[in-house]
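**Q** Could you have a look at this structure, given as structure tokens, before my questions?
The values are calculated or read from the model by the stated rules, or taken from the named source; none is laboratory data. Please read these numbers as outputs of a predicted model, since none were measured by experiment. Virtual Cβ from ideal backbone geometry, glycine too; neighbours counted across all protein chains shown.
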Amino acid sequence: MLSHDVLIVGSGLAGLRAAYEVVGHLDVAVMTKVYPSRSHSGAAQGGVAAALANVDGDSIEAHTYDTVKGADFLGDQDSIEILCGDAPRTIIEMEHLGCAFSRTSENKIAQRAFGGHSFNRACYSADRTGHALLHTLFEQSMKLGGSLQVYSEWYVVRLVIEDGICRGVVAMDIKTGRLETFHAKTVMFGTGGYGRAFKITSNAYANTGDGIVAAYRAGVPLQDMEFVQYHPTGLYQHGILLSEAARGEGGYLLNGDEERFMQKYAPSKMELGPRDIVSRSEQTEINEGRGAWPKKDYVLLDLRHLGKDKIMEKLPQIYHLAKDFIGVDAITDPVPIQPTAHYSMGGIPTDNDCQVYLDENGARITGFFAAGECACVSVHGANRLGTNSLLEALVFGRRAGKKMLEATRETDWSPLNEKAELAAARLEIDELVHTKATESLADIREELKTTMTNQVGVYRNGDDMESAAEKITELQDRFTRVKVSDKGKNFNTNLIETLELSHMLEYSELIVAGALARKESRGAHSRTDYPKRDDENWMRHTMAFRQEDGGYELRYKPVKITRYQPEERKY
Ligand SMILES: Cc1cc2nc3c(=O)[nH]c(=O)nc-3n(C[C@H](O)[C@H](O)[C@H](O)COP(=O)(O)OP(=O)(O)OC[C@H]3O[C@@H](n4cnc5c(N)ncnc54)[C@H](O)[C@@H]3O)c2cc1C
């Protein structure tokens, strides 16, 4: 058994920012299933939001209101006030740590427009903002010397919570297949998003919801799982992201008739409407036969008028993605795009210090924290504004670090039954590997992803989702007979993918369950059979609790409102 005062699972922005706060004070370790700088944070392109004083008229209050409205009034306003209030300090801190932000001609931090924000407030490093931030934090954490232990390419399979106290995790060394118990006074999850359950997705292969499912299986409820963000500009058929920065820099969206169709849907914001609205507008154009040739199942992102110099200076990555993956030269041709599953608003419910809730009444779990995309604090409510999530990972990662420092110092070690935990993890893996199973992993995964994209996508309805729920039940049953061909121990990616699929099946069930129960349309959750927002009945957060038999129960809790009463959302 290995032990650390603090164990942080995830080396994205949330995990590393938390670690940076604790390292040097306590014995802290970071564990990650991919090499730290390959965490999905590094793929973020467009920017990180803050109302710096660089843009006339912008204010923390304007950022707060934009976020509350963008969230379709389902975000907790006390948390949103913290997020936006701490944003300017966060950007300056990252700059002082060495993050190379793009500059204005006056050498201030440059800020570009982003959807749903009423001022230019996205700070960026060309279109590789996440890369710049992640590498800065990784370097700074390493600089602190040997006091930060990193377990790279270790895979958490089990979270241990007993009597409301978190005691550690069981993890597998991917290199050797060895299972090990990690005993900790405090555990934090910064395990990221879970968009891989969708066929068309912008998410990295690692985004399979391992953390949220480990928590759920250990008795933690999951909040607002029905809210999945579809980003308007995924590369056609691949889903790879072309950042909103493309529209922030002036790109147009065109339908098959070369018409800027956003005129009809969000005349004041046009292409820079919030993501839920732009994605729905695209899908409506496609559904009503106005998509682009030949199959009319996509629309176009037009950058031609920006010219070569601006494209290559501000949007180089986007240019290369379109060129390399579908052979389109964005300087001379519009790029085929479609909505892509992008961001998970739901996750592990936490308070503003990132301590995890045990129920809908506010009871907390001792020694368990979560921050970043796997958490639901809830600053994004029913729809996240672009650039607010790198911000969330940094702001709440830091808060988690501070609180963990305090809480861990006041905590004694609680016992952890190493034998029993290892045996349980070993049993789960042996059952997968050593059966005479026949079902194909790839088939089950493909069917799940197609179902989620086609039936639980941009537009939803009761019939489609009922059939998706049935399909998931069928796939869960087939999964009990899934075949793991690789029986080896070293780098058994076949086994890892199987474990990941079991997580995808489990949380997909909850996305569908929450969405079926929620008989309204709000933010990213848009039902054609219940097209209106219903504040009277649905201005509340969903909490899904796992039952003994593996099923779930849905309960609800109120949204926190401080300053802004709900109103109709128009742009
Ligand atoms: C293509 C793309 C572009 C984006 N662009 C922007 C943008 O411009 N602005 C913005 O604000 N947001 C953007 N986002 C969203 C934002 O990047 C993420 O929400 C944020 O970076 C998440 O950070 P995180 O620290 O929570 O998780 P991640 O960076 O995803 O890290 C998750 C970590 O958890 C670890 N992990 C997961 N499971 C396990 C396990 N079982 N065992 C061990 N370790 C595990 C992983 O190894 C990884 O280190 C973008 C997202 C994508 C996909």
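**Q** Got a number for residues in the stretch 522-559 being of a type outside the set (D, E, K, R), within 25 Å of residue 362 (Cα to Cα) and part of a strand (DSSP E or B)?
**A** Result for the stretch 522-559: 9.
**Q** Would you check which residues across the stretch 187-203 are surrounded by fewer than 24 Cβ atoms within 10 Å (Cβ to Cβ) and out of contact with any Lys or Arg (no Cβ under 6 Å at 6 or more places or on another chain) and list them?
**A** Result: 196, single match.
A quick yes/no check of all residues on (1) within 24 Å of the chain's Cα centre (by Cα); (2) among the charged types (D, E, K, R); (3) crowded, with 18+ Cβ neighbours inside 10 Å; (4) not assigned by TED's automatic domain parsing to the domain that holds residue 361:
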{"position": "476", "(1), (2), (3), (4)": "yes, no, no, yes"}
{"position": "508", "(1), (2), (3), (4)": "yes, no, yes, yes"}
{"position": "512", "(1), (2), (3), (4)": "yes, no, yes, yes"}
{"position": "518", "(1), (2), (3), (4)": "yes, yes, yes, yes"}
{"position": "521", "(1), (2), (3), (4)": "yes, no, yes, yes"}
{"position": "525", "(1), (2), (3), (4)": "yes, no, yes, yes"}
{"position": "531", "(1), (2), (3), (4)": "no, no, no, yes"}
{"position": "553", "(1), (2), (3), (4)": "yes, yes, no, yes"}
{"position": "567", "(1), (2), (3), (4)": "no, yes, no, yes"}
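**Q** Given the structure, is residue 43 within 16 Å of the ligand (Cβ to nearest atom) and modelled with pLDDT of 95 or more?
**A** When the stated conditions are applied, residue 43 passes them.
**Q** Within the stretch 336-357, restricting attention to residues that are of a type in the set (Val, Ile, Thr) and either surrounded by fewer than 24 Cβ atoms within 10 Å (Cβ to Cβ) or closer than 30 Å to residue 291 by Cβ (or both), which residue is nearest to the ligand (Cβ to nearest atom)?
**A** Here the answer is 340.
**Q** If the requirement is being more than 8 Å from the ligand (Cβ to nearest atom), more than 16 Å from the chain's Cα centre (by Cα) and farther than 30 Å from residue 548 by Cα, which of these qualifies: 246, 184, 218?
**A** Going through 246, 184, 218 in turn, just one is more than 8 Å from the ligand (Cβ to nearest atom), more than 16 Å from the chain's Cα centre (by Cα) and farther than 30 Å from residue 548 by Cα: 246.
One line per residue, one yes/no per condition, for (1) loosely packed, with under 15 Cβ neighbours inside 10 Å; (2) at pLDDT below 95; (3) assigned to a helix (DSSP H, G or I); (4) not assigned by TED's automatic domain parsing to the domain that holds residue 20:
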residue: 400; (1), (2), (3), (4): no, no, yes, no
residue: 422; (1), (2), (3), (4): no, no, yes, yes
residue: 432; (1), (2), (3), (4): no, yes, yes, yes
residue: 451; (1), (2), (3), (4): no, no, yes, yes
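**Q** Restricting attention to the stretch 67-117, which residues are aromatic (Phe, Trp, Tyr) and on the phi < 0 side of the Ramachandran plot?
**A** 101, 114
**Q** State whether one or more residues within the stretch 192-207 are in contact with a strand residue (DSSP E or B) (Cβ under 6 Å, 6 or more places away or on another chain), assigned to a loop (DSSP other than H, G, I, E, B) and either among the hydroxyl-bearing types (Ser, Thr, Tyr) or more than 15 Å from the ligand (Cβ to nearest atom) (or both).
**A** yes
**Q** Pairs only if they're at least six apart or on different chains, beta carbon under 8 angstrom, first in the stretch 312-327 and in the same structural domain as residue 44 (by TED's automatic domain parsing) and more than 21 Å from residue 130 (Cα to Cα), second among the polar types (S, T, N, Q) and assigned to a helix (DSSP H, G or I); list them, first residue then second.
**A** If the second residue must be among the polar types (S, T, N, Q) and assigned to a helix (DSSP H, G or I), no pairs are left.
**Q** Would a scan of the stretch 133-146 turn up a residue that is more than 9 Å from the ligand (Cβ to nearest atom), closer than 20 Å to residue 98 by Cβ and either among the hydroxyl-bearing types (Ser, Thr, Tyr) or assigned to a strand (DSSP E or B) (or both)?
**A** Checked against the condition, which is being more than 9 Å from the ligand (Cβ to nearest atom), closer than 20 Å to residue 98 by Cβ and either among the hydroxyl-bearing types (Ser, Thr, Tyr) or assigned to a strand (DSSP E or B) (or both), the stretch 133-146 yields at least one hit.
**Q** Check off (1) buried (at least 21 other Cβ atoms within 10 Å of the Cβ); (2) in the same structural domain as residue 76 (by TED's automatic domain parsing); (3) more than 12 Å from the ligand (Cβ to nearest atom) for residue 374 and give me the number that stays unchecked.
**A** Here residue 374 meets the rest and fails (3).
**Q** List every residue pair whose Cβ atoms lie under 9 Å apart, where the two residues are 6 or more positions apart in sequence or sit on different chains, the first residue falls within the stretch 17-33 and is within 14 Å of residue 187 (Cα to Cα), and the second residue, located anywhere, is of a type in the set (Gly, Ala, Ser) and assigned to a strand (DSSP E or B).
**A** 19/29; 27/3; 29/184; 30/152; 31/152; 31/171; 32/152
**Q** How many residues does the stretch 496-522 hold that are of a type outside the set (Ser, Thr, Tyr), under 19 Å from residue 197 (Cβ atoms) and touching a Leu at 6+ places or on another chain (Cβ under 8 Å)?
**A** 9
**Q** Just wondering, is there one or more residues in the stretch 115-132 that are in a loop (DSSP other than H, G, I, E, B), within 12 Å of the ligand (Cβ to nearest atom) and of a type in the set (S, T, N, Q)?
**A** Yes; the residues of the stretch 115-132 include at least one that is in a loop (DSSP other than H, G, I, E, B), within 12 Å of the ligand (Cβ to nearest atom) and of a type in the set (S, T, N, Q).
**Q** Of everything in the stretch 46-66, what is modelled with pLDDT of 95 or more, assigned to a loop (DSSP other than H, G, I, E, B) and of a type in the set (S, T, N, Q)? Give them in sequence order.
**A** The answer is 59, and nothing else.
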